[in-house]
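Below you'll find the structure, written out as structure tokens, and then a few comments.
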Amino acid sequence: MDRIPILKFGDCLLITIQVDMHDQLALTLQEDLTAQIAKHASRGVLIDISSLEIVDSFIGRMLANIAAMSRILDAQTVLTGMQPAVAITLVELGMSLPGIKTALNVERGMDLLQEFIYREPESEDLHGSEG
Amino acid sequence: MSVFHQVVKANESAILVGWLKQMSASTRRGDLINDVDLKEQASEFLKLFTEACQKSSDVQSEAFASTQEFLAEIAKSRLEQGFSTSETAMFVLSLKQPIFSAIRDAFKANPSELVSEIWASGDLLDQLAMLTIDSAITIRELTISRQQEEMLELSTPVVKLWDGILALPLIGTLDSARTQVVMESLLSAIVETNSQIAIIDITGVPTVDTLVAQHLIKTITAARLMGADCYLSGIRPAIAQTIVHLGIELIDVQTKAKLSDAFALALQRLGKAVVTTKPSATSPAQGRNRVA
């Protein structure tokens, strides 16, 4: 049974999705990720989907779920590198992923997470209560 | 089976003369086509028509294939020369009168046959005229759809304003097909130029209804999913009123009245500022003018 590796990077967890997501893989990822966040007390989760070319409503919902679960465990999720076709598909499916922060690439995503983790107490209003 | 084609064949030259006379009387477009060309076209059509009539009386049949082809060619060349659709149809319809008079002369003794032959030939010519109009309209429609495609490509340029800032000036009415093109070109430009901010300027969009707003919100949401911020600018006061009256929610969208305001905001978000390096002659008091 293959699974998607989760890398620890300081306070953050890194996930790159490089294969086609099927349902079981997505469920396993959810379980692994929540376990890892709890174990390392991570503050941020970065998911890179630049190699993902096909999405459906299930994957969209899974991404929203991961963000919601992470938030309950006090970790901010950032989604990076979404392809134009994937973005259009998600919008057409009516999934605008409101709780998830997004960035163009991993570098920017990491900046965003660092900003969130280290500046949170001073700039509460910038990220809001949803962040 | 009608026999009028025999009459037509026997009186071919007389009918041709009558037809040309009729055409010059009815259409009167000597400025667009000269007499020699017209005569050539007329005799060619008359030949094809008589041949086809000998084999069949059904315009859709195989026998009329070459006649149909010739008429399509005529319609095409007439449109290019600047004839109107009705003038093009008159090419065929004006043939009725000389043919009818030839048939009348031939069947003088038999009124019932005269009527049936006139009916048969008139019916055929009407159908051929319809075919001519159809092909003229098809040609026009092809032109229109080609122009629509060209307009789609012309009217959606994505402009790079600064490192990391894109602008999309929209001109003209937005419909679903155009929004799709706009969305795709904006999103791929965001990836190509690695831009964090995109400004959609709707100064050139004449009206904003719920559908247009829906399209805009979709585009902005898709850009946000990719990690780019989208601002909406160029909202005229009248459009702002319309948006509120229609009850369109633009709460999650950063809006600005002018493109310059949105650009200033984008520079500010990127931590950049425009400074005046030389004191302006008109306003010497303003030594250092920060825009952002």
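The values are calculated or read from the model by the stated rules, or taken from the named source; none is laboratory data. None of these values were measured; they are calculated from a predicted model. Note that each Cβ is placed from the backbone with ideal geometry, even for glycine, and that neighbours are counted across all protein chains shown.
Looking only at residues in region B:49-62 that are surrounded by fewer than 18 Cβ atoms within 10 Å (Cβ to Cβ) and of a type outside the set (S, T, Y), the one that is nearest to B:A136 (Cα to Cα) is B:Q60. Within region B:195-243, the set of residues being within 21 Å of B:W162 (Cβ to Cβ) and loosely packed, with under 14 Cβ neighbours inside 10 Å is empty. Taken over region B:136-150, the criterion of being over 8 Å from the mean Cα position of the chain (by Cα) and not small (G, A, S) is satisfied by B:I137, B:T138, B:I139, B:E149, B:E150. When the test is whether a residue is more than 10 Å from every other protein chain (Cβ to nearest Cβ) and modelled with pLDDT of 85 or more, B:A240 passes it.
The helices (runs of 4 or more DSSP H) found wholly in region B:1-75 and carrying at least 2 residues that are modelled with pLDDT of 85 or more and in contact with a Leu (Cβ under 9 Å, 6 or more places away or on another chain) occupy B:12-26, B:35-55. Annotation: of all residues in region A:77-114 being surrounded by fewer than 20 Cβ atoms within 10 Å (Cβ to Cβ), closer than 14 Å to A:A64 by Cα and hydrophobic (A, V, I, L, M, F, W, C), the one that is nearest to the other protein chains (Cβ to nearest Cβ) is A:M95.
Regarding region A:85-101, can at least one residue be identified that is polar (S, T, N, Q) and under 12 Å from the mean Cα position of the chain (by Cα)? Within region A:85-101, none of the residues are polar (S, T, N, Q) and under 12 Å from the mean Cα position of the chain (by Cα).
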